[in-house]
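The values are calculated or read from the model by the stated rules, or taken from the named source; none is laboratory data. From a predicted model like this one, the values you see are computed outputs, not experimental measurements. All Cβ positions, even for glycine, are placed from backbone atoms using ideal geometry, and neighbour counts span all protein chains on display. The area values use the complete protein model at the heavy-atom level, side chains included, leaving out ligands, DNA and RNA. Shrake-Rupley method; radii C 1.70, N 1.55, O 1.52, S 1.80 Å.
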Amino acid sequence: MFIAYVTVTILAAVFTGSAAVTYLIGHDYPKAQMAMKRLPLSWGPKLGSLLAAGAVGLVAGFAVPLVGLLAAVGLELYFIGALIAHRRVGSRKLVGWAVFFATESAALAVHLGYHGF
């Protein structure tokens, strides 16, 4: 179980951290996504900061399990919000969302399984 916990958590942190970087550097892809969802571009750095905090929190969970749990739950809520934003505008392009959500869900599941919260 330990190997699965570490592997899935690191994978989720890398995915989330990569997404955070794209938002924080102002890459075109997140801008296009925000425009498609009719979100203000000024939210980009805020969303990137939330993703970055989640990625750091997942890794910090190795030392402080409660922080990892809270980060995983926060990221689940973030991606539920992303799904709502997609559906609000009628978007059916959910493959990227599904990959992130599944990865974060797996991170939460292995965290709960390993630490037994």
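Checking each residue in the range 62-111 for being more than 11 Å from the chain's Cα centre (by Cα), exposed (fewer than 13 other Cβ atoms within 10 Å of the Cβ) and under 17 Å from ALA13 (Cβ atoms) picks out ALA63, VAL64, LEU66.
Among the conditions (1) assigned to a helix (DSSP H, G or I); (2) modelled with pLDDT of 95 or more; (3) open to solvent by 50 Å² or more (accessible area, probe 1.4 Å), the only one that ALA32 does not satisfy is (2). Close contacts from the range 44-67, counting a first residue that is more than 18 Å from THR22 (Cβ to Cβ) and a second that is outside any helix (DSSP H, G or I) and not aliphatic (A, V, I, L, M), with Cβ to Cβ under 6 Å and a gap of 6+ residues or different chains, come to VAL67/GLY61. Of the residues screened, LEU47 is not one that is open to solvent by 70 Å² or more (accessible area, probe 1.4 Å), assigned to a helix (DSSP H, G or I) and within 28 Å of PHE117 (Cβ to Cβ).
Please pick out the residue among ALA106, ALA98, ALA102 that is part of a helix (DSSP H, G or I), hydrophobic (A, V, I, L, M, F, W, C) and touching a residue at least 12 places away in the same chain (Cβ under 8 Å).
Values: ALA98 fails: touching a residue at least 12 places away in the same chain (Cβ under 8 Å); ALA102 fails: touching a residue at least 12 places away in the same chain (Cβ under 8 Å).
Criteria check complete, one pass: ALA106.
The residues of the range 1-29 that are in a loop (DSSP other than H, G, I, E, B) and without any contact (Cβ under 8 Å) to a residue 12 or more places away in the chain, listed by number, are ILE25, HIS27. For the range 45-55, the condition of being out of contact with any Lys or Arg (no Cβ under 7 Å at 6 or more places or on another chain) and over 21 Å from ALA107 (Cβ atoms) holds for at least one residue.
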